[in-house]
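The values are calculated or read from the model by the stated rules, or taken from the named source; none is laboratory data. These numbers were taken from a predicted model, which means no experiment stands behind them. Using ideal geometry, Cβ is built from the backbone for each residue, glycine included, and neighbour counts are taken over all protein chains shown. For accessibility, only protein heavy atoms count, side chains too; no ligands or nucleic acids. Shrake-Rupley method; radii C 1.70, N 1.55, O 1.52, S 1.80 Å.
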Amino acid sequence: MSVMRLGYVHVRVTDLEEAKSHYGNTMGLLEVANEGNKVFYKGWDEYDHHSVVLEEGGVGLVKLGYKVSESSDLDDIEIKATRFGATVERMAKGDNLSVGDGLRITLPSDHVVEIYHEIEYLGTETGRINPDPWPRFRRGVGAPRIDHALITVEEPALVERFFADVMSFMVSERVIVSNENPEVIGSWMYCAGTPHDIAFIKGPNGKLHHFAFALESWSDVLHAGDIFAMDDVPVDVGPTRHGITRGQTIYYFDPSGNRNEVFTGGYLTFPDFPSITWTADQLAKGIFYISRELNERFTSVLT
Amino acid sequence: MCKVRVDAEDVEVEAGLEETILEALRRCGYAYRWGCRRGGCGVCKVDLLQGEVDYRRNVSELVLSATERDGGVALSCRARPRGDVTIRLRDERLKKCYGILAT
Ligand SMILES: [Fe+2]
């Protein structure tokens with residue numbers, strides 16, 4: 001076995017107090033720890049120690065953490081990443097609060113990805129014995145868990161090859177220029193049974209387009225939209241549906257301008273999932289299926 | 001109250017004490033290119049031709065560098081006018097969004 005899921009997203013925020021209000025009160029994440037200029041959160045349905053790390057100072061992505069199922073996967077990925085030509089270093093237990101030994105890989109796109117196997121177990125809010133379907137007192141959106149991240153990269157085909165060869169991810173959907181010109185300008189990849197655990201679109205290296213929280217239903221997405229209005233959260237697009245992934249969505253911005261998404265739905269993927277292709281002339285429909293319009297922000301706002 | 005003038009547009013709006021340039025123009029029904037409206041993306045930068053602004057919230061050096069600030073660039077979603085200001089949009093025209101509803 002190999003990579004199981006996106007385990008954590010570590011982002012920079014310009015003002016920690018404002019960010020805490022957003023991720024705590026608006027998104028309803030649970031603060032589990034803080035350490036210096038960092039705060040650690042988890043969703044109510046996540047059992048590992050944390051899934052979101054906020055670090056004060058600047059904006060944008062610090063790193064993504066992916067959790068593997070066996071400690072031997074670390075050796076395997078280290079060999080493959082080195083062979084691929086990526087920069088790989090070992091990270092030690094304690095480099096990240098509560099996270100064990102692992103790998104820190106710098107992608108060809110300059111993004112940092114950490115691979116780990118151990119992290120402290122905290123349990124979900126509903127427990128493991130005769131659990132209720134959701135915790136009785138949720139705040140704001142009440143996001144149960146994180147889902148995926150979308151990053152921008154100068155060479156999507158190269159980063160796609162990295163995730164395929166080194167991480168054993170599969171492509172669920174791909175955007176190419178045209179049938180005549182199969183240059184990849186976007187790729188959505190999965191390791192678990194969802195439409196995507198990582199995605200990238202062509203753009204500057206090292207940047208974050210968004211990271212997403214999974215919600216249970218379309219009505220939860222609408223409920224999240226109501227909360228965004230109550231808390232005056234700037235909404236980028238939505239509620240609407242994506243053509244790519246078929247998911248239902250709202251894009252919005254955290255108080256530092258990092259784009260977040262609430263996401264639900266989408267199909268199931270299996271190791272034999274046949275990849276779907278979109279051509280660039282249909283990109284707007286692929287991204288926002290209902291309006292079939294891309295706003296300028298979608299491609300220009302990155303952190 | 002301070003006045004926000006938009007150069008080359010014959011538009012002038014009043015900004016409240018706590019309002020940013022972008023908030024004041026939006027409240028009056030105007031639109032131009034903006035992004036996250038939270039100081040993170042830099043899409044709403046304008047040139048400050050006259051007057052002074054300040055920033056009540058932290059603005060990352062990654063988004064607006066000291067050189068840009070000194071060179072008269074303002075991040076309009078975070079910049080509050082301190083006295084009357086004149087700004088210039090970058091390669092675009094101001095849009096009046098409310099149309100017939102506008103007074
Ligand atoms: Fe997404």
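Ordered from highest to lowest accessible area with the whole protein assembly present and a 1.4 Å probe, A:R139, A:R83, B:R78 read as A:R83, A:R139, B:R78. Potential lengthening of the chain between A:V177 and A:V112 amounts to 20.7 nm, from the contour at 0.36 nm per residue minus the alpha-carbon distance. Round to a whole angstrom and tell me the spacing of the C-alpha centers of the stretch A:1-52 and the stretch A:134-181. If we compute the Cα centre of each part, the gap is 19 Å.
Tell me the relative contact order for the stretch B:8-94 as a rounded percent, counting alpha carbon contacts under 8 Å between residues six or more apart.
Working: 140 pairs, mean separation 34.4, N = 87.
Taking the mean separation of contacting Cα pairs over the length of the stretch B:8-94, I get 40 percent.
Taken residue by residue and averaged, Cβ atoms of other chains lying within 10 Å of the Cβ of B:36-49 number 6.
Springs between Cα atoms under 10 Å define the GNM used for chain A, and in it the highest mean-square fluctuation of A:R128, A:R90, A:R138 occurs at A:R128. About its Cα centre, the dipole of chain B is roughly 420 debye, where the only charges are +1 on Lys and Arg Cβ and -1 on Asp and Glu Cβ. When the C-alpha to C-alpha distance is required to be over 19 Å, the pairs from A:K20/A:K42; A:K38/A:K63; A:K63/A:K207; A:K42/A:K67; A:K63/A:K93; A:K42/A:K80 that qualify are A:K42/A:K80.
Look at the alpha carbon pairs under 8 Å that are at least 6 residues apart: their mean separation over the length of the stretch A:195-264 gives a relative contact order of 36 percent.
Note on exposure: A:S172, A:S71 ranked by accessible area (1.4 Å probe, complete protein assembly) read A:S71, A:S172, with the most exposed listed first. The overall shape of chain A is rounded: from the C-alpha gyration tensor, with semi-axes ordered a ≥ b ≥ c, the ratio a/c is less than 1.5. For B:K3, a cut-off of 25 angstrom between C-alpha atoms picks up these lysines, skipping any fewer than 8 places away in its own chain: B:K45, B:K95, B:K96. Using the Cβ-Cβ distance between B:D47 and A:D231 with R0 = 41 Å, the FRET efficiency computed as 1/(1 + (r/R0)^6) comes to roughly 0.80. For chain A, relative contact order (Cα pairs under 8 Å, six or more residues apart, normalised by length) works out to 18 percent.
Peptide A:190-202 has a mean shielding of 0, counted as Cβ atoms of other protein chains within 10 Å of each residue's Cβ.
Could you order B:D47, A:D147, A:D45 by accessible surface area, starting with the largest, using a probe radius of 1.4 Å? Mind showing how you got there, number by number?
Numbers: B:D47 40, A:D147 10, A:D45 65 Å².
Solvent-accessible surface, decreasing: A:D45, B:D47, A:D147.
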